[in-house]
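What follows is a short report on a single structure.
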Amino acid sequence: MDKEYLVSQLMNMANQYNIEIDVRILGKIVNMSIFRVIPKGDTFQNVGVEAINAGLVLDGITRCYYVDGDGNDITRGFSIPGTLCMDEGMFGYRESIVTWEALEDTTLMIFDVKK
């Protein structure tokens, strides 16, 4: 995928949620992002890890979950193409309180939320 396509997709998402953001800022986000393919069944963010990244699902599907005090696996949500995998770093937490798992081979655009 080229940069212009990614910036246009991000702009479409921002418009969908009524978020005003300059296209130049979106270009900077794309430039500082890394792109990874996460194989089905692999995790890419785990409980207790420093919460500094968020990811945009470009292809595939992810599940966000945690294990409660009784050992129950609790699904908090899913991310599909065009949606974010936001760790708690987006909300000021130091450590992630969830794990993100790829439910199928998933392509992510990952960026540092502090930058």
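The values are calculated or read from the model by the stated rules, or taken from the named source; none is laboratory data. Treat the numbers as computed from the prediction; the structure is a model and nothing was measured. Here the Cβ is made from the backbone with ideal geometry for all residues, glycine too, and neighbour counts use every protein chain on show.
Just wondering, is there one or more residues in the stretch 62-84 that are under 24 Å from ILE25 (Cβ atoms), out of contact with any strand residue (DSSP E or B) (no Cβ under 8 Å at 6 or more places or on another chain) and hydrophobic (A, V, I, L, M, F, W, C)? No.
Per-residue answers, yes or no, for (1) assigned by TED's automatic domain parsing to the domain that holds LYS28; (2) in contact with an Asp or Glu (Cβ under 7 Å, 6 or more places away or on another chain); (3) surrounded by fewer than 20 Cβ atoms within 10 Å (Cβ to Cβ):
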{"position": "GLN45", "(1), (2), (3)": "no, yes, no"}
{"position": "ALA51", "(1), (2), (3)": "no, yes, no"}
{"position": "LEU56", "(1), (2), (3)": "no, no, no"}
{"position": "ILE61", "(1), (2), (3)": "no, yes, yes"}
{"position": "GLY69", "(1), (2), (3)": "no, no, yes"}
{"position": "ILE74", "(1), (2), (3)": "no, yes, yes"}
{"position": "PHE91", "(1), (2), (3)": "no, no, yes"}
{"position": "SER96", "(1), (2), (3)": "no, yes, no"}
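Flag: VAL7 matches the condition of being part of a helix (DSSP H, G or I), in contact with a helix residue (DSSP H, G or I) (Cβ under 6 Å, 6 or more places away or on another chain) and either among the acidic types (Asp, Glu) or without any contact (Cβ under 8 Å) to a residue 40 or more places away in the chain (or both). Just for the stretch 30-42: of the residues that are of a type in the set (Val, Ile, Thr) and surrounded by 15 or more Cβ atoms within 10 Å (Cβ to Cβ), which one is farthest from ASP112 (Cα to Cα)? That would be ILE38.
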